[in-house]
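One structure follows; several queries about it will come next.
Just so you know, all these numbers are worked out from the coordinates, no wet-lab data involved. Everything numeric here is computed off the predicted structure, so don't read it as measured data. Don't worry about glycine lacking a Cβ; one is built from the backbone with ideal geometry, like all the others, and counts go over all protein chains shown.
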């Protein structure tokens with residue numbers, strides 16, 4: 001008979017599969033199309049389900065005497081929640097940068113920064129390269145968001161700032177879904193291929209791909225932005 005934890009874990013996996021399908025459906029659809037918007041909504045809803053089910057899973061690990069695992073899961077929940085929130089609100093608040101960078105934005109930025117610092121300290125203390133390496137994500141996200149909050153007028157002046165914020169957050173959310181599949185789901189489906197190489201590739205591989213995707217998108221939108229800014233300067 002399945003325990004409560006087993007049911008929660010099963011639900012967590014199910015919504016993870018939905019998130020993975022939603023991510024690629026939105027990513028491959030024409031941007032701004034009804035399919036893109038609907039798939040994106042499904043993806044963010046599934047990611048919210050992952051967050052909700054992830055909280056009791058982290059608490060269970062702590063109760064079972066695995067504080068390091070629980071802390072890392074909690075950290076992943078924080079940075080994932082930040083990505084989900086910013087990905088959603090960037091679209092909802094695209095006409096109001098002050099609302100976008102309001103109290104919730106600042107709170108998530110602070111939590112990301114603090115949790116990243118905590119995981120860095122924990123990783124160094126227990127000698128865990130995975131924790132030490134992944135702490136940089138929270139540190140970067142937190143610092144980046146706080147800097148944007150301090151310079152939000154400059155952010156608002158960028159043409160389609162909300163679009164860049166949106167796809168940056170969605171790429172980050174994509175990292176979470178693919179790491180979960182490659183690092184947790186795949187070894188359970190195919191135990192024979194599990195190992196240290198797969199373990200680190202599953203965690204850091206999606207991160208490397210995401211960085212490349214971010215640079216590609218930034219380059220794609222940099223030229224139109226530069227043109228628009230020059231046009232604004234000439235008319236001003």
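Rounded to whole Å, give me the distance from the Cα center of the range 49-69 to that of the range 120-135.
The range 49-69 and the range 120-135 have Cα centres spaced 18 Å from each other.
Give me 93, 144 ranked fewest to most by other Cβ atoms within 10 Å of their Cβ, as a rough exposure proxy.
Going from least to most buried by this count: 144, 93.
Ok, one more. Could you line up 99, 158 from fewest to most neighbouring Cβ atoms inside 10 Å?
99, 158
Right, something else. Roughly how many nanometres apart are two label points built 7 Å out from the Cα toward the Cβ at residue 33 and residue 64?
Distance between the two pseudo-spin positions: 4.3 nm.
Right, next: Between residue 4 and residue 114, what is the FRET efficiency for a Förster distance of 35 Å, r being their Cβ-Cβ separation, to the nearest 0.05?
Approximately 0.70, to the nearest 0.05.
As a footprinting exposure proxy, order 1, 57, 170 by other Cβ within 10 Å, with the fewest listed first.
Ordered from fewest to most neighbouring Cβ atoms within 10 Å, 1, 57, 170 come out as 1, 57, 170.
Turning to a different aspect of this structure: Along Cα→Cβ, 7 Å out, is where each label goes; now give me the distance between the ones at residue 55 and residue 217 in nm to one decimal.
2.7 nm
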